[in-house]
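Report on one structure; see the data block that follows.
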Amino acid sequence: MSNLLVQIAKQRFENPSSQIVHFVDNKEANSILNDLENYPHAYVLACLMDRQIKAEKAWNIPYEIFSEYGAFEIDRLACIELGDLKVFFNKKKLHRFNDTMAEVFFFGIKDIKNKYNGDASKIWSGNPSSSAVVYRFLEFKGSGIKISTMAANILARQFRIPFSDFYSIDISPDVHIIRVMKRMGYVPSGATNEMIIYKARELNPEFPGIIDFSCWEIGRIWCKPNKPLCKECIVGKDCKKVL
């Protein structure tokens, strides 16, 4: 099997199609999430929200809160009480786990203010190693390896933030990525997430996570759970079609 998946990912990394990353359909919210110079904390907080709900809904949460409190700067956000956040999360049904994620949001703000002097971009500034950036995201309450590698991956792959290396940016298995890796025959049907991560490391050791977005896109557009569009898929000729 040729590595068409890796080739596609590398081509997209070398020739990005857009300077704007599409996170949500709300134009203003998307603009804020893309503004790493003025609102880097919006990006970090959105990453922390991206857990067990649709990505678009998770990434819109910071904008919902910023708008409700009229507070977009970190110093003003740090004045919001945890109890108030919990009330708002539950009232608006922002997440599947409203109380828990209100705490994650609250302590995320506190960490950005206290550890990074209110500037979340310090997490990735100064040409850091990929392992350093992943580790810094892991320090946030509610962030596991999946969220941390996803956060570092988007910064490197789509925002083009300079890192000294990409070795520690793994693929972040979600339902689409798992399905694509299995159907393409890279891993067996009973593969664990760890097996998928290490297969990606084998495919492209210098930047395992480079295939993350391509897998996700293929899963969303063509490799659907039911009635996959194999004839239209961009990796059709390389896929073993293990359905």
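The GluC sites (Glu not before Pro) of the range 151-243 that DSSP puts in a loop, and whose beta carbon has at most 16 other beta carbons within 10 Å, are GLU206, GLU232. Report, to the nearest whole %, how much of the accessible area of the chain belongs to carbon and sulfur atoms, 1.4 Å probe, protein only. The nonpolar share, carbon plus sulfur, comes to 51 percent. When +1 charges are put on Lys and Arg Cβ atoms and -1 charges on Asp and Glu Cβ atoms, the dipole computed for the range 19-131 relative to its Cα centre reaches about 340 debye.
When the chymotrypsin sites (Phe, Trp or Tyr not before Pro) in the range 1-100 are filtered for DSSP coil states and for at most 16 other beta-carbon atoms within 10 Å of their beta-carbon, the remaining sites are PHE97. Our coupling estimate for the range 119-124, obtained by passing each phi through the Karplus curve with A = 6.51, B = -1.76, C = 1.60 and θ = phi - 60°, is 10, 5, 5, 5, 4, 10 Hz, Gly and Pro reported as x.
Per residue, the solvent-accessible area of the range 1-148 (1.4 Å probe, heavy atoms of protein chains only, all protein chains present) comes to 50 Å². Calculation over all alpha carbon pairs of the range 1-118 in 5 angstrom steps from 0 returns a P(r) of 2, 11, 20, 21, 17, 11, 6, 6, 4, 2, 1, 0 percent.
With +1 assigned to the C-beta of every Lys and Arg and -1 to the C-beta of every Asp and Glu, and no other charges, what is the dipole magnitude of the range 54-184 about the Cα centre in debye, to the nearest 20?
Here the range 54-184 has a charge dipole of around 540 debye.
Among the GluC sites (Glu not before Pro) in the range 79-154, those located in a DSSP loop and surrounded by at most 15 other Cβ atoms within 10 Å of their own Cβ are GLU81, GLU139.
Mean residue ellipticity, 222 nm, helices only, the chain: the sum of -39500 (n - 2.57) across DSSP H runs of n ≥ 4, divided by residue count and rounded to 500, is -16000 deg cm²/dmol. Percent of Cα pairs in the chain per distance bin of 10 Å, from zero to the largest separation: 7, 31, 34, 20, 7, 0. Ordering TYR43, ASN15, PRO62 by the projection of their Cα atoms onto the charge dipole of the range 1-112, which places +1 on the Cβ of Lys and Arg and -1 on the Cβ of Asp and Glu, puts ASN15 at the extreme positive end.
The values are calculated or read from the model by the stated rules, or taken from the named source; none is laboratory data. Here the structure is a predicted model, which is why all the values come from computation and not from measurement. As a convention, Cβ positions derive from the backbone with ideal geometry for all residues, glycine included, and neighbour counts pool all protein chains shown. We work out accessible area using only protein heavy atoms, side chains counted, and drop any ligands, DNA or RNA first. Shrake-Rupley method; radii C 1.70, N 1.55, O 1.52, S 1.80 Å.
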